[in-house]
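Q: Dropping the structure in here first, questions after.
Each value in this text was obtained by applying a stated rule to the coordinates, not by laboratory testing. Keep in mind that this is a model prediction, so the values were computed, not measured. Positions of Cβ are generated from backbone atoms using ideal geometry, with glycine treated the same way; all protein chains shown enter the neighbour counts.
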Amino acid sequence: MSRNIFTPALLCIFLFLFVHTIVAQQLAGPYTAVPADVAKQVNPVKATPESLERAKKWWKLDCAMCHGDNGDGKGSLATDMKLKIADFTDPATLKARTDGEVFYVIKKGYQDMPPEGDRVKVDENWDLVNYVRSLAKEKTAAAK
Ligand code: HEC
């Protein structure tokens with residue numbers, strides 16, 4: 001008899017814990033893997049036209065096939081692999097990310113994204129951080 005009372009209650013607790021864990025993971029994300037000192041790093045490379053121009057070369061070679069030329073996440077490889085990629089043209093996407101975190105993701109990879117590793121020099125990796133951020137700014141400017 002008592003089972004009939006407790007089972008739904010237990011189910012509720014389990015469901016709550018389950019949902020809670022999922023939500024917590026979503027909020028924390030793999031960004032919890034970014035070491036705190038790296039996350040705090042400020043981009044030492046100014047987002048000059050030169051920096052963006054340097055990054056564009058790498059973006060076209062290594063990023064656009066997934067993230068799209070304009071960063072909307074709809075590159076041809078992403079479509080082929082059925083990847084769901086965030087839209088960098090939306091300023092909200094990377095708003096909460098620090099430069100250090102974005103740097104780390106580019107260098108080390110993230111989910112289905114391969115690491116850039118040593119393909120690019122440290123400064124070029126920072127150029128890419130500038131570039132990724134510039135994709136959102138363009139939209140903000142265009143919307144005004
Ligand atoms: C094979 C496809 C692929 C390639 C190539 C790729 N990415 Fe990604 N990228 C992804 C996926 C998948 C994610 C994770 C999903 C998401 O965050 O939208 C991601 C996430 C990111 C993020 C984090 C977004 C967030 O949510 O915080 C950044 C920044 C990023 N990529 C930049 C780059 C840059 C710069 C390059 C080129 C050097 C690159 N990516 C190359 C697939 C790719």
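Q: For region 37-88, just say rounded, prolate or oblate: build the C-alpha gyration tensor, square-root its eigenvalues into a ≥ b ≥ c, call rounded for a/c under 1.5, and beyond that prolate if a/b exceeds b/c, oblate if not. The partial results should precede the final answer.
A: Details: a/c = 2.92, a/b = 1.61, b/c = 1.81.
Oblate is the answer for region 37-88, as a/c is 1.5 or above yet b/c matches or exceeds a/b.
Q: Based on the mean of other beta carbon atoms within 10 Å per residue, what is the order of 80-86, 105-111, most packed first?
A: The peptides rank, most packed first, as 105-111, 80-86.
Q: Compare the peptides 6-16, 88-98 by average per-residue count of other Cβ atoms within 10 angstrom and give them in order, highest first. Walk me through the numbers before you get to the answer.
A: Numbers: 6-16: 9.8, 88-98: 15.8.
Going from most to least packed, we get 88-98, 6-16.
Q: Then there is this: Specify whether the C-alpha gyration tensor of region 34-143 places it in the rounded, prolate or oblate class, a ≥ b ≥ c being the square roots of the eigenvalues: rounded for a/c under 1.5, otherwise prolate if a/b is larger than b/c and oblate if not.
A: Here region 34-143 falls in the rounded category.
Q: Using the Cα centre as the reference, give the magnitude of the dipole from point charges on the C-beta atoms of region 34-143 (Lys, Arg: +1; Asp, Glu: -1; all else neutral), rounded to the nearest 20 debye.
A: Numbers: 18 positive and 18 negative charges, 26 e Å.
Dipole of region 34-143, to the nearest 20 debye: 120 debye.
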